[in-house]
Structure formats: C-alpha cells, structure tokens
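This report refers to the structure that appears directly beneath it.
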C-alpha cells in the first residue's frame, strides 16, 4: 500500500470533488422534518447514544425466531447431539433471515450472517436502525461490544517440570484434588476434547504440544478443525497467541508437568479475542466454530468434531446477547464454563458480569490458596436475571500456567479459576463417560461435590450463595459420586518386529456412533474409560500398517487389557509435477503431506518435485503456490503410497468463501462508447446498469464508479485513494477493485461504458481510458471491468501496462469483496503482477 499524497494536493482537488459529489447525491433540501419519534425499546441504549452523535455504528440485529433444540437434547451420542443442534440452528437462520436479508440487499447495506444466535451484523445510521426496529421479525438491536481479558501480573518463569506424568502439581490442581483423581482412577481426562475461546494458544509449548488434537503424533500437524482464528490476527494457519491469556487458560485445563487439571485430554481452540479484548463479531464466529468446527478457511463445518467442553475466560457488562450461544452449546451437550468477572471488591454484591452471570451459563468465582474468596471475584445475584451467581468457585489467585515463549507465568483472575472447572469436567467425563453431553446431571454432580462455604451477605444459604456459589470445586468428590457404568481398558502398543513401544499412536474405540480416542504415551501405554459395549478398535501411526480389532466386548466395571502390535511398512518415493491454473508448470510451489512427517519440498523451474522415503499408507498431499497467489488455488489430493508414486498436481482456480473462483481469461477488449462524465480526482458517479447484476447473491440495478478504479455496489465512497488488502472490514465494501489506486481522470483520460450483445446475453463494460497515477501523472493505464449477464462473471482487462511498476499493479488492489467486508477474492495487493493485454475472470459458484 502506498502512502496518501500530501495534504496540500488534497486540500484543493479532493475537497472540491467531495463538495461536488456530495451535492449531486444529496439533492435539493427537503421540507421541515417532523419531530423524531421516541426510540424503540428494541434498541439498546448504548447504540442510541452512538447514533445520537450522528455517526454510523456497527450493531447486531437479533431475530425473534429461534430454533427448536429439544431434538438435539434427546440425542444420545456427542456427534448426534452436535449435528442435530447445528442442523436446527442453521436451517432456522436460513429461513428466518431471508426477508431481512432481502431488505438489507435492497437498501444496499452490507451484513454478516450468524446462525448460532440468529443475528446479522450490520453497520448503519440512525435511520436504518429505526427502520429495522419497526420490523416485526426483529427481537432487538444490540451495539457491538468488546470484552476485556484479565490483566496479567506476578510473572513467574523458570525450568519447571514438563514431563508427561506430572511431578509437582500446582497448588490449584492439588486444591481441587485433581491429582488424587489421577492416582485413584487412572484418569487424566483421556478421551475428552476440551477447547477455549480466548486470545489463542502457543500450540507448540512443551506442556501443550503433546495433546493438541492437531498433533498427528509424528512431527506433523493438522490445524483444520482444530484451530480457528476469526480475528485474522495470526499470520499463518497455525495457532498463535498475541496476548498470553489463552495459552495460560489452556495450560490450566490440559497442560502437562503439573499445571493442568486434565493433562490427558485433547485440546482445540478458537481465537475469539483480538488481543487484550474480544469483540462480539469474533466471539460469535468462534461460538459457531465450537459447535461446528471448520477448516482453516471457515468452510466445510463438521459438528461431529465439536469439543466436549469449552472454557470462556472473558466477559463484561450485563448483556443477554451471548445467551443464545450458551443455550445452543448446552443443547448440543457441550459443557461451558464462564468467568464470573473481576470487578468485585470483596464486599459489594451483584458485581458479576455476563455471560457468566446469565442463568444458562455455568459461572465461576475465584479464591486463593489461603481459602479466602478473591477480593476481585464477581458476586451475585445476577443483574441480568437475578439468578444465583457464581455457580461454583475454584482457585484463581497466583495460578501458575503455560505462557508464550515456552515459559510459565502466575496470574490472578476468575479467568484462571474457570479452566480449573473445565478441566474438572474433563476428568469427570473421562471417568464416567455415561455423563458425556448430559449438562444438567454434570452440573448437579459438580455442585454436590463442592465444599460449602457459609457467606450469605449477598443472599443465599450456607451451601449455595452469591459469593461462593455451591462452594469450592472438589473434583474427587464428584468423580466418587459419578455413575459407575464404565469399563477401563489399558494396553501397550508395540512394534511387532522389535517389541519397541510405539508412542503417539492413535487408538480409536467405536461402538455405533459413539467414538472415543486416546494417544499412547512415550512408553507406548494408554488408558481409556468407555461405556459397556462392543467396540471396534483401530490403531494408527505413521510408518506402521493400521491395525483393526473388531468385537471387543466390555462390561460395566471390567478392567480389560488390550495390547496392540503394529507392523512397520516400507518407504517409497513420491514425485511429480505441479501445474498452475492455466496448465503450465509452476515454479516455487510447496508440496507437502499434511498428515505425515515428511519434509516439504519446493518445485523447480519445470514444476517438478520429489519426496523421498514416504512410508506406505494413505495421506493427504497439499500443494500451495508461492506468493503472490494470483488465481492459483491450493491443491489437495489423497495419495495411497504402496510403491513409487507419480502425481500431477493441477492447481484449481482460487475461490473465496462464497465459492466465487478466479482464473486468467482470454483477452477480448471492449471499447467504451458512452461517456459517463466522471472526471477529476476523488470523484464518483452512480450509473444505471443495463441489466441486473448479481454480486455476492444480491441483484443490483445501479453501481457507483470512482476515479480510483472501483465499482461500488453500496454507495459512492469519496477519499478512497488509499487501497487496502481484501477483505477489509473498513469501508468501502461491496466493491469490484478493477485497479484500486490513487488515480486521476484528467483531460487526457475518460471513464466510459459500453453495452454489447442481445437481451439475456449482454455484457456491460466500464472503461477507464488513460487514467493517470496521482503520484506521477506521466504514468497512465487503461483498464475495464466487464459484467456478463448470462453467467454473472466479472472480467477485468488491462491495456497500456508498461515498465512503470504502478501500471503493473505495484501500488494497487485488484479483486472483489462482499458487502460486509468479510469475504473477498483478492487477486493482488501492491504486487507487480499485471501484463499488457491480459484478463482476469471472477466467476460465481453455480447454483442449482
């Protein structure tokens, strides 16, 4: 991105253009306005305050219609519950949002849809909010909020134990008696998947890397379905943590070396917090992902891969907005724990905050090693609904856990108490798998096992009050009281030829749609508690043939041994050629197996690659083009290696989330025939379209064209000379960036249009002829955007691309972006990728 020109140049030309365009858009003055109506009770007061200042605001429109989740609650297995809940929520949102989306499309207002809360994120002014509030299908309109993470303090670092078997449990782990559960029940949370919504996680921290679900156990990692970053803060597809908070809470849940309550549980994570705070947008996206994890691009949801438990160490205010997500998780059998908040003073009541203070949420207070409630811990009763809060209390003062940089740190907060509860549920469900997904029963067992603390100054009783909730968490007591319907299976996985223990092997138990998994420890051993039944046990590890045993019958209370022998397999060479989207050999592409520990390689000038010594088996081979990606997508294919293999990886067209694809096209220039009258610097003009143009699912009959190479379907945007990478939440949104740069249409340049073809098969071209670059008007370029009536495709074409880097796109953005600024297909950003007489076509996904 280039810097904007000096204020001196802008002060004349830009200001004049703004005045001229604004006058053309506003039109003649209207008659005296009627008195403003009283604000709707549907609109929250914080939003009204912002709108009263005359500014646009971002808000959520929550619909009245809610999905019936009773069917999900009645389902048996975890996968069945999550799948039923996801289907009900998504289908209800699709149907009930249709009318509202049509209205917003008509008004040319961008939006982002969420199914888990049946809400749309919108940015608009007071007039739009008033119109939305009058709709009968709208329940409420809520301003977007941000929730703070706990401040950190009391740093402690050092060479603490990071062994797989805990040596010195932290005080909080011992206080809730997790270490006693480990010893008495051989239970460290095996077979349970735990998650957090937080600032992220350092996934390769020594105390966390071993039980990250994305760890394939052989040196490779699969982040799809195991990690999600809706904030866009991480620079790669791998988990990151730019704060430390999320790494800390995950360590308390599942860290090795004595810091975690359930070090045998697998973990996954969603980054719902940008850095020191969490936006509603990111939290909603993360909340959806928890119920239906997706790949790293947010596509192909898999509710069957949802975690069993999710920790939420964030909150603030007294909103009920997040309540729909809490209830959805509960219906899906996902146990949630929420921090009670840190605004207490040790005396004042009703200091807890949402979502932890909402009745459907399981809120957690904090206490110290001295046995006293933490001064900062939020008390009840809830200001949201009057319910008793917190539900329970756990250690939250001087809690030492994992920290980015592979270190450790001790900090305070209800954020630190909450993961003790989440980890405790992992121990409980691992020991008593008949409780998995049963939220009410699990809460009752936690409550009954808690140690009562008599403090009724905020109301309640000695055994359940608004300071401590049900009391101090005691997971041993809860596990002792849990149903005894499980069998315990232990075993060792060994190399069949040498007898050597095999670590990192995945042992998978399945009975019907019930599935439990555990990974072998360094000595090849595993332990898993499963409900009585007949299981198929499948064991896999890179470098070995998969072993399957059917008909393993287990009875209640049985202590069974199931040892497994794996046979090593030969290795072979996998080689081949990578072709770009046009079928030509592609240099510099990265070729790697995503689920095998084989060193990635890069294609040479002929597009060739060679991966030596790949073990027999079936793996996913992924080919990623080097930057700039242009229209080359990522190629993935399953390769069965049973000898030397040759693969041709033909890269597909790159697509965005909506399914629109990008590919080079045949150059067929259309000359402009009709002048638009658009001239100057920082100017815009709205044009009537000769046929309706569908753009990201919305049909338009007009569009704004700017001097800076943009076609904007929402509204003219003045002063848009500073281009950005797409997508971007900042306006302009809903654009075709034919060549978004700081351009001037002077006396030597024109912007013209042309319509060709017959009805149903017409094309409409918007042509920028000889446009000058503001930084140097001797550099000029001609380009056009062509809209195809029959296919909905948009083709961008270029003439006059010369030696100057600007004419090659070196300071421009090229691509398309949806109306909410959340999805885009960016061809390039400040990259010298254009050639003379070239064309790029964006084709929408075909609809049935």
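Nothing in this text is a laboratory measurement; each read-out follows from the coordinates by a stated rule. Model, not experiment: these values are computed from the prediction. All Cβ positions, even for glycine, are placed from backbone atoms using ideal geometry, and neighbour counts span all protein chains on display.
A few points about this structure:
- For the listed peptides 687-696, 424-433, 405-414, a ranking on the average number of other beta carbons within 10 Å per residue, highest first, reads 424-433, 405-414, 687-696.
- In the chain, the alpha-carbon atoms span a convex hull of 183 Å³ per residue.
- For segment 571-652, a Kirkwood radius taken over Cα pairs fed into Stokes-Einstein (20 °C, viscosity 1.002 mPa s) yields D = 173 µm²/s.
- Folded to 0 to 90 degrees: helix 7-26 orientation relative to the chain principal axis, Cα: 90
- Where labels lie 7 Å past Cα in the beta-carbon direction, separation of residue 746 and residue 776 in nm: 1.4
- Label zone at residue 646, where the point sits 7 Å out along the Cα-to-Cβ direction: segment 582-619 residues whose backbone N lies under 14 Å: 608-610
- When segment 628-719 is reduced to its Cα atoms, the Kirkwood hydrodynamic radius in Å: 17.4
- Computed across segment 661-843, the Kirkwood radius stands at 15.9 Å (inverse of mean 1/r, all Cα pairs).
- Ordered by the count of other Cβ atoms within 10 Å of each Cβ, fewest first, 223, 420 give 223, 420.
- Angle in degrees between helix 280-291 and the longest Cα principal axis of the chain, rounded to the nearest 10: 50
- Translational D in µm²/s for segment 486-566 (Stokes-Einstein at 10 °C, 1.306 mPa s, Kirkwood Rh from C-alpha pairs): 127
- FRET efficiency for residue 758 and residue 406, using Cβ-Cβ distance with R0 set to 45 Å, rounded to 0.05: 0.10
- FRET efficiency estimate (nearest 0.05) - Cβ-Cβ, residue 496 to residue 836, R0 51 angstrom: 0.20
- Gain in span if fully extended, residue 444 to residue 485, counting 0.36 nm per residue against the direct Cα distance: 13.0 nm
- Zone residues, segment 335-379, relative to residue 454, backbone N less than 19 Å from point 7 Å out along Cα-to-Cβ: 371-373
- Rough spin-label spacing in nm, given labels placed 7 Å along Cα→Cβ, for residue 637 and residue 701: 4.9
- Between residue 515 and residue 675, the simple spin-label model (points 7 angstrom out along Cα→Cβ) gives 6.6 nm.
- Most to least packed among 777-785, 499-507 [average Cβ atoms within 10 Å]: 777-785, 499-507
- Net length gained if the chain between residue 64 and residue 101 were fully extended (0.36 nm per residue, minus Cα distance): 11.9 nm
- Antiparallel DSSP beta bridges within segment 171-481, percent to nearest 5: 30
- Percent of beta bridges antiparallel (DSSP, segment 349-453, rounded to nearest 5): 60
- Under 12 Å from the residue 299 label point (7 Å along Cα→beta-carbon), backbone N, segment 642-674: 652-662
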